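Below you'll find the structure, written out as structure tokens, and then a few comments.
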Amino acid sequence: MPTVVRTAAELTNLGGPVALVPTMGALHDGHVQLMKHARPLADTLVASIFVNPTQFAPGEDFEAYPRTFDADLQRCEEAGVDVVFAPTLETMYPHGPDAGVTVDAGPLGSVLEGEQRPTHFRGVLTVVAKLFGLVRPDVAVFGEKDYQQLVLIRQMAAELCLGVDVVGCPIVREADGLAMSSRNVYLGAEERQRATALSRALDAGVAAASQGIDAVVTAARSVLEAEGIAPDYLALTDPDLGAPVPGQEARLLVAARVGTPRLLDNTGLVPHMSGHSPDSANSASEGA
Ligand code: PAF
């Protein structure tokens, strides 16, 4: 079993290059893939498990968020994790979660997810900066499912010169395409079925890529509409969340509630030139 560490003092003797996989627990196969990806990148592999209160707004699911520590430890062992860092609230927030220094996510923190959840990325970046400071990893691995989070963490590490190489890993999907997420456990049977509309919408967008930027978003939207799903946003961006450029790598991102749970998904694609008009980059982004 991995060594379980709860305080900063116990983290001082990590050997060699260190890789970190930050998580909030409720580990699934997607997390295991992150750990397996990280394993060969360093001598010591640390996984953190901390349900971070500051990235949940009042009324969100902080209290209800699944906590499955014993099963999580088992998964960490399977994935070759050396150390599980499961800090107390006091270790992460010595002055309490509502006090102390925070990291401002900048302009990209208030679009897409940030428009729906205005305090979310401040909480994410603050806790990730603290984890970086405590664990001192050489490399940190994050999933592409939370794509905007990955972009912002990469920006933070670069712009604040944190000396951590931030690596993204592809989304791991269920057999029917649903992106793995700790929140999938909230889906009822009928919702679970409808939830596949998100990945099907992305597939439709990819299939329409040869017809240009507007066609990608239109094709994806029509799949969601057919399931009666009104997305919080459906947007085609460049890989850094700016306006998409025809003929270049782009990202199609969607967030929607299916019943109560709010689900995210995204995919890479290259939209072609046809159907492109000078205004289409702006109109391609809905709710962003
Ligand atoms: O992606 C997550 O699980 C969380 O946002 C993270 C990066 C562990 C920060 O709490």
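Points worth noting:
- Residues located in region 162-189, provided they are more than 19 Å from D265 (Cβ to Cβ) and charged (D, E, K, R): D165
- Considering only residues in region 135-156 that are hydrophobic (A, V, I, L, M, F, W, C) and within 11 Å of the ligand (Cβ to nearest atom), the one that is farthest from L45 (Cα to Cα) turns out to be L152.
- Test: V51 is among the aliphatic types (A, V, I, L, M) and open to solvent by 30 Å² or more (accessible area, probe 1.4 Å): no
- Region 157-177 - residue that is within 15 Å of the chain's Cα centre (by Cα) and open to solvent by 10 Å² or more (accessible area, probe 1.4 Å) and, of those, farthest from the ligand (Cβ to nearest atom): R173
- Of the helices (runs of 4 or more DSSP H) that lie entirely inside region 154-273, not one contains 3 or more residues that are out of contact with any Lys or Arg (no Cβ under 9 Å at 6 or more places or on another chain) and basic (K, R).
- Test set (1) open to solvent by less than 50 Å² (accessible area, probe 1.4 Å); (2) under 29 Å from Q116 (Cβ atoms); (3) within 13 Å of the ligand (Cβ to nearest atom); (4) out of contact with any Asp or Glu (no Cβ under 8 Å at 6 or more places or on another chain) - A57 fails condition number: (3)
- Options A208, A235, A215; residue that is buried (at least 20 other Cβ atoms within 10 Å of the Cβ), modelled with pLDDT of 95 or more, under 21 Å from R117 (Cα atoms) and of a type in the set (A, V, I, L, M, F, W, C): A235
- Of the residues contained in region 67-81, none is found to be in contact with a Leu (Cβ under 7 Å, 6 or more places away or on another chain), more than 20 Å from S181 (Cβ to Cβ), in contact (Cβ under 8 Å) with a residue 24 or more places away in the chain and within 12 Å of the ligand (Cβ to nearest atom).
- Every residue from region 130-152 that is in contact (Cβ under 8 Å) with a residue 40 or more places away in the chain, more than 8 Å from the chain's Cα centre (by Cα) and open to solvent by 40 Å² or more (accessible area, probe 1.4 Å): L134, R136, D138
- When residues in region 131-146 are screened for being in contact with a helix residue (DSSP H, G or I) (Cβ under 9 Å, 6 or more places away or on another chain) and not in a loop (DSSP other than H, G, I, E, B), 9 of them pass.
- In region 94-134, the residue that is farthest from A157 (Cα to Cα) out of those that are away from the ligand (no atom under 14 Å from the Cβ) and in contact with a Pro (Cβ under 8 Å, 6 or more places away or on another chain) is G100.
The values are calculated or read from the model by the stated rules, or taken from the named source; none is laboratory data. A quick note: this is a predicted structure, and the numbers were derived from the prediction, not measured. We place every Cβ from the backbone using ideal geometry, glycine too, and count neighbours over all the protein chains shown. To get the accessible areas, we keep the full protein, side chains included, count just its heavy atoms, and leave off ligands, DNA and RNA. Shrake-Rupley method; radii C 1.70, N 1.55, O 1.52, S 1.80 Å.
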